[in-house]
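Asker: Here it is: the structure, laid out below.
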Amino acid sequence: MYPSVKKVTPIDDYRLSIHFDNGENGVLDMKPYLDFGVFQKLKDRKAFDRVRVSFDTIEWESGIDLDPEFVYAKSQRTDVPHGETSEEQGTHS
């Protein structure tokens, strides 16, 4: 069983900052997939930015979604969500 997505935020260069329900954070680079099938629609940055959490994974307004196992497996783990400081996460040095 893979962790569920709790928060998703589009960031630079067609990447997504993702927070999982197990407390992990990751960044998913979608660029390698944008030349294939329905994902070509996401080359439009406005369409890409219309991403949201849907059930336990992510979905775009256009109806494109990703398997939660794929999201977790392909996300590069980070200590802190992209754009937040360690103080915002409650992990003071």
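Quick note: the coordinates plus some simple rules give every number you see, no bench work behind them. Because the structure is a prediction, the values reported are computed rather than measured. A quick note on method: Cβ atoms are made from the backbone with ideal geometry, for glycine too, and the neighbour counts reach across all protein chains shown.
Asker: Can you tell me which residue within the range 27-78, out of those that are among the small types (Gly, Ala, Ser) and more than 21 Å from Pro3 (Cβ to Cβ), is farthest from the chain's Cα centre (by Cα)? Outline the logic, then answer.
Answerer: Filtering the range 27-78 for residues among the small types (Gly, Ala, Ser) gives 37, 47, 54, 62-63, 73, 75.
Narrowing the set further to residues that are more than 21 Å from Pro3 (Cβ to Cβ) leaves 37, 47, 62-63.
Details: Gly37: 19, Ala47: 14, Ser62: 16, Gly63: 15 Å.
That would be Gly37.
Asker: Right, here's the next one. Among the numbered criteria (1) acidic (Asp, Glu); (2) loosely packed, with under 14 Cβ neighbours inside 10 Å; (3) in contact (Cβ under 8 Å) with a residue 40 or more places away in the chain, which single criterion is violated by Asp35?
Answerer: Only one criterion in (1) acidic (Asp, Glu); (2) loosely packed, with under 14 Cβ neighbours inside 10 Å; (3) in contact (Cβ under 8 Å) with a residue 40 or more places away in the chain is unmet by Asp35, namely (3).
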